[in-house]
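Step one of this worksheet: look at the structure below.
The values are calculated or read from the model by the stated rules, or taken from the named source; none is laboratory data. Source: prediction; values computed, not measured. Note that we place each Cβ from the backbone using ideal geometry, even for glycine, and neighbour counts take in every protein chain shown.
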Amino acid sequence: MNKIANFTAPGIEDATAEKTIGILDNRMVALIDLALTLKHVHWNVVGPNFIGVHEMLDPQVEAVREMVDQVAERIATLGGEPVGTP
């Protein structure tokens, strides 16, 4: 995984950008995992409250995916490469 900044935002030292990229990459992986976990629950929910839970989960998945996108864009802004794998 490339955590070395190819360039960085003005005013941020390379070492700071690299550390921040590493932290953001870890958060991005956790958010991707959360989105997949929510989707797994969405696919497998059963019981009397099925439809309510089923319909509640998709907006949550989309919200988490938006967070993933925002974190990935911040990584790119800092000169990193958003990878998204552990």
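Okay, residues lined up against (1) outside any helix (DSSP H, G or I); (2) modelled with pLDDT of 95 or more; (3) surrounded by 13 or more Cβ atoms within 10 Å (Cβ to Cβ); (4) over 14 Å from the mean Cα position of the chain (by Cα):
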| site | (1), (2), (3), (4) |
| --- | --- |
| T8 | yes, no, yes, yes |
| A17 | no, no, yes, yes |
| V29 | no, yes, yes, no |
| H40 | no, yes, no, yes |
| W43 | no, no, no, yes |
| P59 | no, yes, no, yes |
| M67 | no, yes, yes, no |
| V83 | yes, no, yes, no |
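What are the residues in segment 45-57 that are part of a helix (DSSP H, G or I) and surrounded by 12 or more Cβ atoms within 10 Å (Cβ to Cβ), if any? Break it down into steps so the answer makes sense when it comes.
At the first step, the residues of segment 45-57 found to be part of a helix (DSSP H, G or I) are 50-57.
Residues satisfying the conditions are V53, H54, M56, L57.
The number of residues in segment 69-81 that are surrounded by 15 or more Cβ atoms within 10 Å (Cβ to Cβ) and either in a loop (DSSP other than H, G, I, E, B) or of a type in the set (A, V, I, L, M, F, W, C) (or both) comes to 7.
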